[in-house]
Amino acid sequence: MRTAGESHGPCLTTLIEGMPAGVTVDIDFINGELARRQQGYGRGARQRIESDRVQVTAGVRRGLTTGAPIVLSIPNKDSRLDDAEKTPPVHRPRPGHADLAGCMKWLTDDCRNTLERASARETAARVAGCALARCLLREFEIEAFGFVRGAIDAWSRVEVTRQNWESLRAARDASEIACPDAITGAEIIERIRAAKVEKDTVGGLCEVHVFGVPPGLGTCVASDERLDARIAGAVMGIQAFKSVEIGMGRTVTERFGSQVHDPIHLDRARTHECHLGFTRPTNNAGGIEGGMTNGMPVVVKGGMKPISTLLRGLPSVDLTTGKDERSDYERSDISAVAAASVVMENVVAFEIARVFLEKHGGDTMDEVHAHFDFWRGLAMPRSAT
Ligand code: EPS
């Protein structure tokens, strides 16, 4: 998948290749994800201007993918890229943003072109493409659930399981900060409110669980094709993310092997489930061992830095004079962690869709279903004997 478009250009565009023919494209689901991305306590004024809805301009006919490249488009209401007055040059780079690095890369003292593309606005295009890919996963009852785990010193201890995630999703969707734990959610909101008063910004930790993922997706034979490597790349590719963990993550460094590795049991009464009956009392591996899914939920955590544009500004330099100046202010968010959890939920699901098709792919969904069923037939007797 590839996106194109600037924050204040005419539109955002997404190109998706490799989807089989016959996937039912649920436009309402895609637009629902786009709407969720625009929400969240701490979001900036841009979200009151835009009402993101996807336009499908290629690769889909009468609601079904054709097998050809798919192109999605999201118009920008706040389109002003060629208006020099409304999009003036930016000469005082914002620490933390792409501004200064972009100016050194493209040999300019104007950060405008860099910030227009580096903007988190681009994630609308990515969410649209990933949500379309999730229409395929849903045919195999593979579902992703993302939420905000915490920020600053407000951390939820909510436990997410196959049994409770759908009720937690309802609680998340009722939360202004995409946190299923109302008490922690209120604390996070208070931290964001206080930051706004101080003209500061807030990031946070996002967490994604993917349920129903069959084992054997991904690979151990090539380092860059390990599923955890690809998920890590996808999460780190989201604007403002500075950390990614699979399962227990960094905490594994503080535990012994006997406390980390998930014991294996075979429950012959459950071989019909996505894990083929191989149950694990814990899931510290986050559903991935050796770069491959093991049938447990895939669990990913991503750390988002505080928004780089501060109302108070930060020490910077005017690139036209070399003099010390406060960084320029561009309209922005105080916190976008709720939106980031939506983006992360979708990019993680997209990587699952990619590896699913790498193992069970075909030109049509009929072939994909047939291959998956054939594989299950081969895998089942082994675990059931
Ligand atoms: C965003 C769109 C942007 C920003 C924000 C998130 O629109 P504008 O620049 O016109 O206000 O509001 O982007 C950032 C915080 C950033 O640092 O890039 C969006 O649609 O998510």
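The values are calculated or read from the model by the stated rules, or taken from the named source; none is laboratory data. Values in this document were obtained by computation on a predicted structure and should not be read as measured data. FYI the Cβ positions are ideal-geometry reconstructions off the backbone, even for glycines, and counts take in every protein chain you see. SASA here: full protein model, heavy atoms, side chains in, ligands and nucleic acids out. Shrake-Rupley method; radii C 1.70, N 1.55, O 1.52, S 1.80 Å.
Observations
- 0 to 90° range, to nearest 10: angle between helix 365-384 axis and the chain longest Cα axis: 50
- Once Rg and the Kirkwood radius are both taken over the C-alpha atoms of the stretch 26-148, their ratio Rg/Rh works out to 1.04.
- Take the stretch 2-384 with all the other protein chains still there, run a 1.4 Å probe, and you get 46 Å² of accessible area per residue.
- Kirkwood estimate for the chain, i.e. one over the average of 1/r between Cα atoms, Å: 22.1
- Sum of side-chain charges, residue 13 neighbourhood, beta-carbon under 15 Å (Lys, Arg +1; Asp, Glu -1): 0
- Within the accessible area of the stretch 206-362, the carbon and sulfur atoms contribute 53%, probe 1.4 Å, all protein chains present.
- Nearest 10 degrees, 0 to 90: helix 123-138 Cα axis against the chain principal axis: 10
- Alpha-carbon radius of gyration plus Dmax, which is the widest Cα pair, for the stretch 157-225 in Å: 17.1, 52
- Partners for residue 242 among lysines (Cα-Cα distance below 23 Å; same-chain residues under 8 apart left out): 105, 196, 199, 301, 305
- For the stretch 141-184, alpha-carbon Rg over 2.2 N^0.38 Å: 1.12
- For q = 0.13, 0.19, 0.22 Å⁻¹, Debye-computed log10 I/I(0) when each Cα of the stretch 136-272 counts as one equal scatterer: -0.76, -1.39, -1.51
- Here residue 86 is the anchor, and the lysines within straight C-alpha reach of less than 23 Å, apart from those fewer than 8 places off in the same chain, are 77.
- Long-range Cα-Cα pairs in the stretch 317-359 (distance over 14 Å), rounded percent: 70
- Principal-axis tilt of helix 337-360 within the chain, Cα atoms, nearest 10 degrees: 40
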